[in-house]
Amino acid sequence: MSKSWQLARECWILPARGAVMGILNVTPDSFSDGGQHFGTKAALAHALRMLNEGADLIDIGGESTRPGADAGSPSEEANRVLPVIEALRRERPDARISVDTRHPEVARAALHAGADIVNDITGLASPDMRRVCAELPCGVILMHMQGEPKTMQQNPHYTDVVAEVRDFFAARVQAAEQDGIARNRICLDPGIGFGKNVQHNLLLIRHLEQTRVHDLPMLMALSRKRFMGAILEDPQTPKISPLPTVVMSLLAADAGAELHRVHDVAPLVQALRLRHACLSVG
């Protein structure tokens, strides 16, 4: 049975084939596509392209959170994302829009500008962020991250990564509910590559269902992640070819993921449709 997710403007019934979130980085320095869509005109054109390719929602981010990145200025981040959100909302009133931010002031402004979802890599760690999402009811993506982007890949350590991510989700969902965020507004993201090594990432993909709490929807953000390059012994392969992302995303779908955050929308949309057709017969 398809899951539902309450957003700012609708109760969204997630597509049975799996939902695709198109990544729109309006930054000059993101790890994979920094500078490619910097500026409102270029960003809007790319967002419309991804929607035409079958993206179910667009995730707009104005701060690089790649490994080793320094924290950005909230005002600079807002200046990058707000014009893009407003332009996309005008051009496509029906589009689902997510803002990728860890700053409460950016989230508040983005929701007023027309965003439907707040995608927070800190997992709603800030009481101010929880307050914003409660006062301006929206969809929320609650992500797990060990450490900070600047240092998160410096020898990440877990005793049991699957259990620890599950316990993190349980605690953060409880905190969100206590601060007025309804459970049906929350989606979970185990944070592949955010304070995890190759083994941690693979364990989370394979045992994704064991991290789920309260039967909430699960998002997997595997696009162009460095661990795939490490496995393939070629760091450039995931960046220049969508195939590794498609393969790993299909494995994540088999493990229970309902949403997939990617740079290359069309190949994954096609792959998910083929997978769904095969699983739907007989």
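Could you tell me whether any residue of the range 244-254 is within 29 Å of residue 6 (Cβ to Cβ) and either open to solvent by 60 Å² or more (accessible area, probe 1.4 Å) or in contact with an Asp or Glu (Cβ under 6 Å, 6 or more places away or on another chain) (or both)?
Taking every residue of the range 244-254 in turn, at least one turns out to be within 29 Å of residue 6 (Cβ to Cβ) and either open to solvent by 60 Å² or more (accessible area, probe 1.4 Å) or in contact with an Asp or Glu (Cβ under 6 Å, 6 or more places away or on another chain) (or both).
Quick check on the range 143-178: of everything there that is at pLDDT below 95 and among the aliphatic types (A, V, I, L, M), which residue is least open to solvent (accessible area, probe 1.4 Å)?
Step by step, filter the range 143-178, then rank; the result is 152.
Only one of 266, 252, 271 is aliphatic (A, V, I, L, M), modelled with pLDDT of 95 or more and closer than 27 Å to residue 171 by Cβ; which?
Of 266, 252, 271, the one residue that is aliphatic (A, V, I, L, M), modelled with pLDDT of 95 or more and closer than 27 Å to residue 171 by Cβ is 252.
Does residue 115 fit the bill of being of a type in the set (A, V, I, L, M), more than 18 Å from residue 72 (Cα to Cα) and crowded, with 19+ Cβ neighbours inside 10 Å?
So residue 115 passes the test.
Within the range 54-77, track down each residue that is modelled with pLDDT of 95 or more and open to solvent by 20 Å² or more (accessible area, probe 1.4 Å).
The answer is 56, and nothing else.
Filter the range 186-230 for residues that are open to solvent by 50 Å² or more (accessible area, probe 1.4 Å), within 30 Å of residue 134 (Cβ to Cβ) and in a loop (DSSP other than H, G, I, E, B) and give the result.
Result: 214, 215.
Suppose we filter 1, 21 for residues that are open to solvent by 40 Å² or more (accessible area, probe 1.4 Å) and either of a type outside the set (Asp, Glu) or modelled with pLDDT of 75 or more (or both); which single one remains?
1
Tally the residues that are within 19 Å of the chain's Cα centre (by Cα) and surrounded by fewer than 24 Cβ atoms within 10 Å (Cβ to Cβ), restricting the search to the range 84-104.
So the answer is 3.
For the range 255-282, which residues satisfy the criterion of being buried (at least 17 other Cβ atoms within 10 Å of the Cβ) and more than 20 Å from residue 57 (Cα to Cα)?
Scanning the range 255-282 gives a single hit, 255.
Please verify whether residue 181 is buried (at least 17 other Cβ atoms within 10 Å of the Cβ), over 15 Å from the mean Cα position of the chain (by Cα), among the β-branched types (Val, Ile, Thr) and assigned to a loop (DSSP other than H, G, I, E, B), treating the condition exactly as stated.
It is true that residue 181 is buried (at least 17 other Cβ atoms within 10 Å of the Cβ), over 15 Å from the mean Cα position of the chain (by Cα), among the β-branched types (Val, Ile, Thr) and assigned to a loop (DSSP other than H, G, I, E, B).
What are the residues in the range 125-158 that are in a loop (DSSP other than H, G, I, E, B) and farther than 17 Å from residue 192 by Cα, if any?
Passing the criteria: 125, 126, 136, 137, 138.
The values are calculated or read from the model by the stated rules, or taken from the named source; none is laboratory data. All values derive from a computational prediction rather than experimental measurement. We place every Cβ from the backbone using ideal geometry, glycine too, and count neighbours over all the protein chains shown. Surface areas here come from the heavy atoms of the whole protein model, side chains and all, with no ligands, DNA or RNA. Shrake-Rupley method; radii C 1.70, N 1.55, O 1.52, S 1.80 Å.
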